[in-house]
Amino acid sequence: MKVTLILPLSIFALSTTFAFASNVTIESESVGDLKARTLVARQHAKALGGALKARLQEAIGQGGLVKGIEACKLEAGPIAKAISGNGWTVGRTALRVRNPANTPDAWEREQLIAFSNQLSAQFDGPLEASHYDSATGEFRYLKAIKTDEICTACHGQSVAPRVQAAIDDAYPEDEAMGFDIGTLRGAFTLTYTP
């Protein structure tokens, strides 16, 4: 039997307390185990976000936005694979993807729509969701990525022609355009399989 609860959780990370509501589906796993898995998932999501941002900034510093696009295309997947391991698979997804390999599944899509609606309603807290399946032992976690100012250079309403040409060349099926600062860009998606 699956039960979906909204649980208020207090998490201590890097000496900072974050209070939020998390959409957690519980079958038979203890709440303590789910909190522990959620904490590990947050650490992996933070590692992926930090590594991607650092590499992007480095590439932009070396050759501008066009070099950043190339780095995203060639290195985002290997960075995610390097962070994955010990039962965890780490990646990104979005409602409008640049890379079709990142297309969301049904659960991810449902959560992304909820995140987008929360941001539209001016929700200012962390946006995350998790799900545990007792039949398989699989634990899933999704953490929203908000569009930041630097994101709009390649994902915004107005992209420079040279940058747009590089995007069109690298991602012919690109849907990830037209974002405004503070809107939902996508999410880090993590799966733990025992």
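Values quoted throughout were computed directly from the atomic coordinates according to the rules given, and no laboratory measurement underlies them. Everything numeric here is computed off the predicted structure, so don't read it as measured data. Cβ placement follows ideal geometry from the backbone for every residue including glycine, while neighbour counts extend to all protein chains displayed.
With the Cα gyration tensor of the range 152-193 in hand, give its eigenvalues times 5 under a square root as the equivalent ellipsoid semi-axes, listed largest first in whole angstrom.
Values: eigenvalues 113, 45, 9 Å².
Whole-Å semi-axes of the equivalent ellipsoid: 24, 15, 7.
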Report task. Per residue of the range 72-85, in order, report the coupling 6.51 cos²θ - 1.76 cosθ + 1.60 (Karplus, θ = phi - 60°) as ³J(HN,Hα) in whole Hz, putting x for Gly and Pro. Result -> 4, 5, 8, 10, 4, x, x, 5, 4, 5, 5, 7, 5, x
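Determine, for Cys154, Cys72, the number of other Cβ atoms within 10 Å of each Cβ, and report the residues in order from fewest to most. Present the calculation step by step, with values, prior to reporting the outcome.
Details: Cys154 24, Cys72 21.
The fewest-first ordering by Cβ neighbours comes to Cys72, Cys154.
Could you put Val90, Val97 in order, starting from the residue whose Cβ has the fewest other Cβ atoms within 10 Å?
On the way: Val90 21, Val97 18.
The fewest-first ordering by Cβ neighbours comes to Val97, Val90.
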Report summary line: Karplus-derived 3J(HN,Hα) from phi for the range 163-171 (6.51 cos²θ - 1.76 cosθ + 1.60, θ = phi - 60°), whole Hz, x at Gly and Pro, runs 5, 4, 5, 5, 5, 4, 5, 7, 9
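How much space per residue, in cubic angstrom, does the convex hull of the C-alpha atoms of the chain take up?
Measuring per residue, one finds 122 Å³ for the Cα hull of the chain.
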Query raised in the report: If all Cα-Cα distances of the range 131-170 are sorted into 10 Å bins from 0 onward, what percent lands in each bin, rounded to whole numbers?
Result: 24, 27, 18, 19, 12, 0
Query raised in the report: Mean residue ellipticity at 222 nm from the helices of the chain, using -39,500 (n - 2.57) per DSSP H segment of n ≥ 4 over the full residue count, to the nearest 500 deg cm²/dmol?
Result: -14500 deg cm²/dmol
Query - Gyration tensor (Cα) of the range 41-123, equivalent ellipsoid semi-axes in angstrom - result: 24, 17, 13
Requested in this report: Take the range 114-155, drop everything but the C-alpha atoms, weight them equally and run the Debye formula without solvent; then report log10 I(q)/I(0) at 0.22, 0.27, 0.31 Å⁻¹ to two decimals.
Outcome: -0.81, -0.95, -1.04
Requested in this report: Please list, in chain and number order, the residues 5+ apart from Arg92 or on another chain whose amide H is under 5 Å from its amide H, with Hs placed from the backbone.
Outcome: Thr189
Query raised in the report: Which is farthest toward the positive dipole end of the range 25-192 among Ala166, Ala101, Thr191, measuring Cα position about the Cα centre, with Cβ charges +1 (Lys, Arg) and -1 (Asp, Glu)?
Result: Ala166
Report summary line: Going residue by residue through the range 62-69, the Karplus relation 6.51 cos²θ - 1.76 cosθ + 1.60 with θ = phi - 60° gives ³J(HN,Hα) values, rounded to whole Hz and with x marking Gly or Pro, of 7, x, x, 4, 4, 5, x, 4
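For Cα pairs less than 8 Å apart in space and 6+ apart in sequence, what is the mean separation divided by the residue count of the chain, i.e. the relative contact order in percent?
25 percent
Taking the Cβ of Asp169 as the centre, find all other residues whose Cβ is under 13 Å away and add up their charges (Lys, Arg: +1; Asp, Glu: -1).
Surrounding charge for Asp169 is -1.
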